[in-house]
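The values are calculated or read from the model by the stated rules, or taken from the named source; none is laboratory data. Bear in mind the structure is a predicted one, so any value in this text is a computation, not a measurement. Ideal geometry is used to build each Cβ from the backbone, glycine not excepted, and the neighbour counts take in all protein chains shown. We work out accessible area using only protein heavy atoms, side chains counted, and drop any ligands, DNA or RNA first. Shrake-Rupley method; radii C 1.70, N 1.55, O 1.52, S 1.80 Å.
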Amino acid sequence: MDSSSSNDQHQKKEMTNWVNLENDGAANQGGSSCKEIWTGKTAQNVSSSMVRKKSDPVLVPSNVRFRLFRQFLANLQEVVLGTKLALLFPAIPLAIVADSYKFGRPWIFALSLLGLTPLAERVSFLTEQIAYFTGPTVGGLLNATCGNATELIIALLALYQKKINVLKYSLLGSILSNLLLVLGSSLLCGGLANHRKEQRYDRKQADVNSLLLLLGLLCHMLPLMLRYASTSTPGIFNANSTLQLSRASSIVMLLSYIAYIFFQLKTHRQIFESQEEDEEEEKAVIGFWSAFSWLVGMTVIIAVLSEYVVGTIEAASDSWGISVSFISIILLPIVGNAAEHAGSVLFALKNKLDISLGIALGSATQISMFVVPSCVIIAWIMNISMDLDFNLLETGSLAFSIIITAFTLQDGTSHYMKGVVLCLCYIVIAACFFVHKIPQNTVNEGARQSGVLAA
């Protein structure tokens, strides 16, 4: 027993030395240590930390002599086994094998969707590791770009395949999921766990995000209202006008998001920094270049699985008897953001609502004000017609979700009843899109020139 304990301690000490050696090299290039550089985290940085776990050095035997190989094993253990979602990693090779051997396309879709769940959480972990070395500004920008990498990659692949409605549905679903399901379940669970005391949060962060979401809603409603205003008078409707308005609005949305990032990382950084009590100061567990390499590799895998998801979604819809709109708006966001959702709920259980609100509202704002307009601009570059007209049903659901969320958060206090209302709103919207059937021949580019369906 003493010999085994001594060997374990020796292995842990050697692993720490490898990580510290790589960290010191990256820190020396930057001019200071990672502990001195990264001093604060936003809620999105810590959103998936609750589903991570500390792993023992079982993959690194003491008799392995090659330093690089031992370092690779140590990093492999931290990246792959350092999450409670590690059990889902086998779905990745199974999805690739299923595609290679031409298994049923619904199976490929299901396995790919499961494989994306741990990958999304690991991308968040790796961007956090890189942020320890790059500093708060670059780290914040990296998080702002990669925070919803899975949704962005799926959207770009859907855009490349000209499945405009799948793209719009998936992005709309991510916003609705964060505003109603994630926030609602967090308020519900937090309220039940802390029902004997009043839960409070800082309204400043919620107010900023609500304002940006309302601006994004305006940019979505104007093309829709322009189309209806034009079609009310026969002979004057021009789809190109809606497209041009959408592109101009997308530029405005991106400019507002840049201003939001500057506001968040520079002038009012204290509003968005997460406050975690009674926790040890964290430090990087893998080196900069190791984290960067793993991030590139996992991004490639996400792209492969996302291509499977986009390419097989119609087959899954036919096989399961579920509409494409329901799969894109409900299933994709729930499975793809499972780690982030769980983190938000766990923070609410600990009565840390500021972090939970930062996760839900921050992610919704990022998708609405960065991912959606970015797709419109990229489609413009690719000479593909994509506008901000999400149709009447979809835009109406988005509008009521944002308004209800804003009313819910207006007083700075919370209880479980607010969570109940938000969750019930999400269930009603999910039921609506479950019965909302779309003909398969209109899933790709849509009936209208701008690439969307007529109302």
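Using a Förster distance of 25 Å, how high is the FRET efficiency between F69 and V300, based on the Cβ-Cβ distance and rounded to 0.05? According to the calculation, E is roughly 0.65.
What accessible area per residue, rounded to a whole number of Å², is obtained for the range 305-351 using a probe radius of 1.4 Å? Present the calculation step by step, with values, prior to reporting the outcome.
Details: 1310 Å² over 47 residues.
That works out to 28 Å² for each residue.
Once the chain from F407 to N351 is taken as fully extended at 0.36 nm per residue, the excess over their C-alpha distance is 18.1 nm.
Remark on Q199: its backbone amide H falls under 5 Å from those of S414, a criterion applied only to residues 5 or more positions apart or on other chains, H modelled at 1.01 Å from N. The 3J(HN,Hα) values that the Karplus relation (6.51, -1.76, 1.60; θ = phi - 60°) gives for the range 203-216 are, in residue order, 6, 4, 5, 5, 5, 4, 5, 5, 4, 5, 5, 5, 4, x Hz. Gly and Pro appear as x. Fully extending the segment from W320 to V435, taken as 0.36 nm per residue of separation minus the present Cα-Cα distance, adds 40.0 nm. Between the amide H of T83 and those of K53, distances stay under 5 Å, these residues lying 5 or more places away or on another chain, with hydrogens modeled in the peptide plane. Starting from the Cα gyration tensor of the range 395-437, take the square roots of the eigenvalues, sort them a ≥ b ≥ c, and report rounded, prolate or oblate (rounded when a/c is under 1.5, otherwise prolate if a/b is larger than b/c, else oblate). The shape class here is oblate. Evaluating 6.51 cos²θ - 1.76 cosθ + 1.60 at θ = phi - 60° for every residue in the range 342-350, the Karplus couplings come out as 5, x, 5, 5, 5, 5, 5, 4, 8 Hz, glycine and proline recorded as x. The 3J(HN,Hα) values that the Karplus relation (6.51, -1.76, 1.60; θ = phi - 60°) gives for the range 159-176 are, in residue order, 5, 4, 8, 6, 9, 5, 5, 4, 4, 5, 4, 5, 5, 4, x, 5, 5, 4 Hz. Gly and Pro appear as x. Checking the a/c ratio against 1.5 first, then a/b against b/c, what shape does the Cα gyration tensor give for the range 322-373? Oblate, since a/c reaches 1.5 and b/c is not below a/b.
Positive-end ranking of G362, S385, G321 along the dipole of the range 302-391, with charges on Cβ about the Cα centre, is headed by G362.
Given their separation in residues at 0.36 nm each and the Cα-Cα distance between them, L255 and S100 gain 51.5 nm when the chain is fully extended. Cβ-Cβ distance of K283 and L393, R₀ of 41 Å, FRET efficiency by 1/(1 + (r/R0)^6): the value works out to about 0.25.
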